[in-house]
Amino acid sequence: MKKKQEYAFDPSLNVLSLKFLDVQKASKDKIDSRELFFKLNQSDSYFYCLPNAYDFISFAIRETEQIYSPCYIKHSSKDKLLLLKHLPLSPLSETLLTQASTLECLTQSAGILLTQPCWLQGIFQTFSSQSRAAIELMSIYLKLTSDESGESDLLRSCHSLLLASKIKIPVLYSDNYSQQGKLLPEMIDFANIQLTLARFPRILFPEILGFTLAYCQMATLVEICFPSHQLADHFFKQRQLRTEQQTFPLLRSIADYLDIFTDQKESLWLRVQNGFWLYQLQMQRCRDVFEHLLQNSKSNSQVIAGLFQQKLSAAMGHHQNVLLQGKSLELWFAGMPKNSSEFLQALKQSKYVDKSVPENSLFLKLFEFKGPMFGVLNKDEVSLIKDWLTENKIPETIQLNKIKTTTRSDKKPQSIEYKKISHKELYYRLVNIDLFPEYLLTVKKRVHQLLQVCRLLSVLPFKHYSHQQFERYIGAKYQQEIEAYQPLQGKPKISKPAYVWGLEQVAPMILIDGCWLQKSLSIQNVNSDIANILFSIYCDELGNGNFDQSHPVIFQQLLDSLSIKVPSVYSPKFIKHSGFINSAFDLPVYMMGLSHFSIDYLPELLGLNMAIELSGLGKNYMRLVDEWRYWEIDPAIASIHISIDNVASGHTFLAKKAIQLYMDDVMQHSGNQKIVDLHWRRIYTGFVSLQLVGWRFKLSLPVCYLFNRISRQ
């Protein structure tokens, strides 16, 4: 284990990010929890909502400590860690244990289930690429969520459960999900806490550990409320088995963490418990508010009648010429609330309601933009009417007069741009982007500029995309590389000192190997198959939770064997290391930058990934292995890439498959060859960017080596 001051999750690092949060406080917009949920689901595009998210979770943690302080255990130890147990939550009363209520509970808690355990994803990023703690937590995450093939089968099981239960929900990252009027705010808050924890992996690391422990101990809301539910049980059994299996490894990770910081052990132990009881509090609240919902539910018609009654004073005098069953609306309104039932029935039978497709009803169009009643109802109220028309059950604990209109606030903070920042400085910020999110605006602009240059400097190998053309192109590139390889005969042309110096120069890139895919799970919302492929490659780069198989760890061992001493990548000392040339940071900065906008630049990311994986095969790496062996340099890092990047079933095969899946999607949805070719153009731009962005480094290597050699003579 590294020394305390070199530990990737040192609590003292928090102050860096807190500076950004304090600076943003004065100018930040107030947003409600529904809008926060939407923005937190948009990867890094809405990074400026992070101060809001931090305020939200800070309040939740303070509240947790106040409520559960009698349950806190003083003076941490491994034995006392075992005593940290959740408080049992009681099932709902027998009168509420119906199948309809069970399905409503699953619908309400879907956003919670589908974002679990996302908070662990922020742990295994570039800053922690050599952290044993991060790799151990990655192992726990993979065993909680993935099958042996590395695919996220727990998430798939959850979707299958919803499908088998005939529950249709909007996709989580869309506006439609968070703005559902029938969705209980407490359910949104719980999901927001999970998403927020993922954004602050170091600031909230102790809380994340405790939160995960509670997650592993507690059943789902459905199981708590309905212990004898009749839903398909595959998901529930799978989740229970996995959480039970990972409880002990998690306890060991918590104990190891607390043992590192002996001078802060008690305060960190308190924070671990904050995270634990935070999860308990959210479960308790969701259970209680859901029970209240069922106990106070009304019929759909009663709710809509109440809504019309609420709007009645503003409606009177504006509808003299509108008839319903030959009777003016003014007369209908005058008879309310006594005639509410007859009025609603007449409305449903009128021309204003499309009985075959209620969602397309003329009545709903009246409230749309430029409609005669636009602004009369807010989004939540329109959603309630839509539920009434489609006969969906409305959770009537929602008080109509308390529903807030959620206005989308797309106002960005004052532009924080660092045009003159060097790639060295930007490297440090990008490795530690969770502490410096304000640099993302600059990063995105720089990535965009680089891609524009790459597009201008590249010529397509073929203009019109087809899978056959693509297969032939990649196959030809591979064969060209393989045929160019010639086994080493005699002494290598490149000396051992030159290789040692070169390995020092590639350290900024190889010590964060896989960085371009660190945000690949954010693509789940766009294409889960592609996300699973890219994430599986990323996991391979980090050893799939096995510390000794992590590529950055293997490379660090190579540096150590050659007596090359460099600081930890997340340390500001790393970029100040005198041995690095400036251009050594060009490519890693571009790769990390692209990773943070994986959705916006998905075609380019797929192309870059294809180029990287293909570059691991053929003459270059095969020659490196030969020559390093000659000079008694451990070739493990090169050999593992030759093996794992193979075209039969390895990373090159997967990279190609991801592109084909993406293009299948484009072809299916567009059916237009011009659009298909535009996407191919973007993929190829990403493909050539590996060479074009790295050209300065490639040219600088021999020149700087010779200059360095001469200066030492």
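If I histogram all Cα-Cα distances within the chain using bins 20 Å wide from 0, what percent of pairs lands in each bin?
Result, from short to long distances: 15, 45, 30, 9, 1, 0 percent.
Going by average Cβ neighbours within 10 Å, how do the peptides 330-338, 133-141 rank, with the highest at the top?
Numbers: 330-338: 14.0, 133-141: 23.3.
Averaged packing, sorted descending, gives the order 133-141, 330-338.
Each label point is 7 Å from the Cα along the Cα-to-Cβ direction; what then is the distance between the points at Lys80 and Arg629, in nm?
If labels sit at Lys80 and Arg629, their model points lie 5.6 nm apart.
Mind checking which of Ile385, Met336, Val322 is farthest towards the positive end of region 311-392's charge dipole, using Cβ charges of +1 (Lys, Arg) and -1 (Asp, Glu) about the Cα centre?
Positive-most Cα among the choices belongs to Val322.
Measure nothing fancy, just the Cα-based angle from helix 99-113's long axis to the longest principal axis of the chain, in degrees from 0 to 90, nearest 10.
30 degrees
How big is the dipole moment of region 482-593 about its Cα centre under a simple scheme where the beta carbon of each Lys and Arg is +1, that of each Asp and Glu is -1, and everything else is neutral? Debye, nearest 20, please. Don't skip to the end; give the middle numbers.
On the way: 7 positive and 9 negative charges, 107 e Å.
Dipole of region 482-593, to the nearest 20 debye: 520 debye.
To the nearest 20 debye, what is the magnitude of the charge dipole of the chain about its Cα centre, counting +1 on the Cβ of each Lys and Arg and -1 on the Cβ of each Asp and Glu?
Details: 77 positive and 68 negative charges, 355 e Å.
Dipole magnitude for the chain comes out near 1700 debye.
Could you work out how far helix 440-456 tilts from the main Cα principal axis of the chain, as a 0 to 90 degree angle to the nearest 10?
With both axes taken from Cα atoms, the answer is about 60 degrees.
Which length gain, in nm to one decimal place, applies between Asp55 and Glu483 when the Cα-Cα distance is subtracted from 0.36 nm times their residue separation?
On the way: separation 428, 0.36 × 428 = 154.08 nm, distance 5.89 nm.
Roughly 148.2 nm would be gained on extension.
Give the carbon-plus-sulfur fraction of the accessible surface of region 498-600 in %, rounded to a whole number; probe 1.4 Å, heavy atoms of protein chains only. Please report the intermediate quantities before stating the final value.
Values: 1400 of 2880 Å².
The value for region 498-600 is 49 percent carbon and sulfur by accessible area.
What does the charge dipole of region 215-271 about its Cα centre add up to, to the nearest 20 debye, if the Cβ of each Lys and Arg holds +1 and the Cβ of each Asp and Glu holds -1?
Values: 6 positive and 7 negative charges, 35 e Å.
With Lys and Arg at +1 and Asp and Glu at -1, about 160 debye.
Picking from Phe436, Gln194, Phe470, whose Cα lies most toward the positive end of the charge dipole for the chain (charges on Cβ: Lys, Arg +1; Asp, Glu -1)?
Of the candidates, Phe436 comes out farthest on the positive side.
Show Lys496, Lys463 ordered by accessible area, largest first, where the area counts protein heavy atoms only and the probe is 1.4 Å.
Heavy-atom accessible area, descending, gives Lys463, Lys496.
Let me cross-check Met218: its accessible surface, 1.4 Å probe, with only protein heavy atoms counted, in Å² to the nearest 10?
Here the accessible area works out near 10 Å².
At what distance in nm do the modelled label points of Gln468 and Asn321 sit from each other, each positioned 7 Å from its Cα along Cα→Cβ?
The two pseudo-label positions are separated by 6.3 nm.
Take the eigenvalues of the Cα gyration tensor for region 634-713, scale each by 5, and report the square roots as semi-axes in whole Å, largest first. Could you put the intermediate results ahead of the total?
On the way: eigenvalues 295, 84, 5 Å².
The three semi-axes for region 634-713 are 38, 20, 5 Å.
Over region 175-317, what per residue volume does the convex hull of the Cα atoms give, in whole Å³? Write out the running numbers ahead of the final one.
On the way: hull volume 24.3 nm³, N = 143.
So the per-residue Cα hull volume is 170 Å³.
Where does each of 83-94, 573-584, 499-510 land if you order them by average Cβ count within 10 Å, highest first? Kindly include the intermediate steps, with their values, before the conclusion.
Working: 83-94: 13.0, 573-584: 15.8, 499-510: 18.8.
So the order, starting with the most tightly packed, is 499-510, 573-584, 83-94.
Could you calculate the contour length gain from Thr390 to Ser458, that is, 0.36 nm times the residue separation minus the distance between their Cα atoms, to one decimal place in nm?
19.2 nm
Could you calculate the contour length gain from Leu661 to Lys237, that is, 0.36 nm times the residue separation minus the distance between their Cα atoms, to one decimal place in nm?
On the way: separation 424, 0.36 × 424 = 152.64 nm, distance 3.16 nm.
Taking 0.36 nm per residue and subtracting the Cα distance, the gain is 149.5 nm.
Place +1 on the Cβ of every Lys and Arg and -1 on the Cβ of every Asp and Glu in region 246-308, take the dipole about the Cα centre, and give the residue among Leu251, Gln284, Val272 whose Cα lies farthest towards its positive end.
Toward the positive end, the furthest listed residue is Gln284.
Quickly work out the Asn176-to-Lys265 label distance, labels modelled 7 Å from Cα along the C-beta direction, and quote it in nm with one decimal.
Distance between the two pseudo-spin positions: 5.4 nm.
Quick check for you: with a 1.4 Å probe and neighbouring chains kept, what is the accessible area per residue of the chain, in Å²?
Numbers: 32140 Å² over 713 residues.
For the chain, the per-residue accessible area is 45 Å².
Going through the cross-link list Lys143/Lys166; Lys496/Lys619; Lys445/Lys573; Lys39/Lys311; Lys338/Lys379, which pairs have a Cα-Cα distance over 21 Å in this structure? Kindly include the intermediate steps, with their values, before the conclusion.
Numbers: Lys143/Lys166 28 Å; Lys496/Lys619 19 Å; Lys445/Lys573 26 Å; Lys39/Lys311 31 Å; Lys338/Lys379 27 Å.
Cα-Cα > 21 Å for Lys143/Lys166; Lys445/Lys573; Lys39/Lys311; Lys338/Lys379; rest within.
On a 0 to 90° scale, report how tilted helix 467-484 is relative to the longest principal axis of the chain, with both axes built from alpha carbons and the result rounded to the nearest 10.
For helix 467-484, the angle is close to 20 degrees.
Between Thr95 and Gln449, what FRET efficiency follows from the Cβ-Cβ distance if R0 is 60 Å, with the result rounded to 0.05?
Values: r = 64 Å, r/R0 = 1.07.
Here the calculated transfer efficiency is 0.40.
Would you pull out the residues with amide H under 5 Å of Leu324's amide H, same chain only if 5 or more places away, H placed 1.01 Å from N?
Placed amide hydrogens put Leu329 under 5 Å from Leu324.
Beyond 23 Å between alpha-carbons counts as too far, so tell me which of Lys463/Lys519; Lys477/Lys656; Lys444/Lys657; Lys424/Lys444; Lys420/Lys444 fall in that bin. Walk me through the numbers before you get to the answer.
Details: Lys463/Lys519 30 Å; Lys477/Lys656 13 Å; Lys444/Lys657 27 Å; Lys424/Lys444 16 Å; Lys420/Lys444 15 Å.
Flagged as over cut-off: Lys463/Lys519; Lys444/Lys657.
The values are calculated or read from the model by the stated rules, or taken from the named source; none is laboratory data. Predicted model, so just to flag it, every value in this text is computed and none were measured. Virtual Cβ from ideal backbone geometry, glycine too; neighbours counted across all protein chains shown. Ligands, DNA and RNA are excluded from the accessible area calculation, which covers all protein heavy atoms including side chains. Shrake-Rupley method; radii C 1.70, N 1.55, O 1.52, S 1.80 Å.
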